[in-house]
Amino acid sequence: MLGDYIDRGPQSFQVIRYLLQLKELAGDNITFLMGNHEDMMLHAFQQEDSTDISLWMQNGGMETLKSYIGAELVESPFDEIEHAIRQDFPEHLDFIENLQLYEETPEHILVHAGIDPYEEHWKDAAARTFVWIRSPFLEKQHSADKTVIFGHTPTPTLHQDAGVWFQSDKIGIDGGAGFDMQLNALIFENEEYHVVSMPVDK
């Protein structure tokens, strides 16, 4: 799972609850990566910068908060909202805080946004790179010896449709589900790729 489980609709709480159930069932057979929306939420909760909360609110954070505490309480001071969520849903916060930045297999690097093609050792990049990068990752061929599978950038901005974007060194699978397009799953089996797609109900 390549991240961005929250913010893109009214059911963020339900999505995280479902992922926790999935984790319990699948154990080590499933890996959850961090997306930039989870990163925004964590920065808002840490409040290291005065703009962190407003950035999250502008990018779906309000919908996420409503799914946890209800529309009537989202006007409360943010400190009180944060305290309520930490107190009532500690397992959700623990899940989000411990999401991996990337996963590596013999053939692939899996990551939310991409890797830095200028970094000699791609793992040495700042954590922010893995959840936020677009340029230059999308334009430049990287030097890692594995194919990078990533989300973050909706594929309709990369080619003519919401299908998976295949390149020689990278594969983009974000079908724009957050924009009412489609959700893509990529299956790699017997050295071949297969795609399963589901349109998002509007």
Positions within region 183-202 being surrounded by 13 or more Cβ atoms within 10 Å (Cβ to Cβ) and either of a type in the set (Lys, Arg) or farther than 24 Å from PHE130 by Cβ (or both), in sequence order: SER197, VAL200
Within region 169-180, considering residues that are closer than 12 Å to LEU138 by Cα and not charged (D, E, K, R), the one nearest to the chain's Cα centre (by Cα): GLY172
Scope region 168-182; condition surrounded by 13 or more Cβ atoms within 10 Å (Cβ to Cβ) and either assigned to a loop (DSSP other than H, G, I, E, B) or in contact with a Cys (Cβ under 8 Å, 6 or more places away or on another chain) (or both); matching residues: ASP169, ILE173, ASP174, GLY175, MET181
Qualifying residue in region 68-78 (condition: over 19 Å from ILE173 (Cβ atoms) and outside the structural domain of ILE16 (by TED's automatic domain parsing)): no
Region 84-136 - residue that is surrounded by 13 or more Cβ atoms within 10 Å (Cβ to Cβ) and among the β-branched types (Val, Ile, Thr) and, of those, nearest to THR64 (Cα to Cα): ILE85
Selection status of THR31, within 21 Å of VAL131 (Cα to Cα), touching a residue at least 12 places away in the same chain (Cβ under 8 Å), outside any helix (DSSP H, G or I) and not assigned by TED's automatic domain parsing to the domain that holds ILE115: yes
Region 16-53 - residue that is exposed (fewer than 15 other Cβ atoms within 10 Å of the Cβ) and under 21 Å from ALA126 (Cβ atoms) and, of those, nearest to the chain's Cα centre (by Cα): GLN46
Condition met for ALA185 (farther than 22 Å from ILE30 by Cα, free of Cβ contacts under 8 Å to residues at least 24 places away in the same chain, aliphatic (A, V, I, L, M) and not assigned by TED's automatic domain parsing to the domain that holds ASN59): no
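The values are calculated or read from the model by the stated rules, or taken from the named source; none is laboratory data. Owing to the predicted nature of the structure, the values given are computational and were not obtained by experimental measurement. Methodologically, a virtual Cβ is constructed for each residue, glycine included, from the backbone with ideal geometry; neighbour enumeration extends over all protein chains shown.
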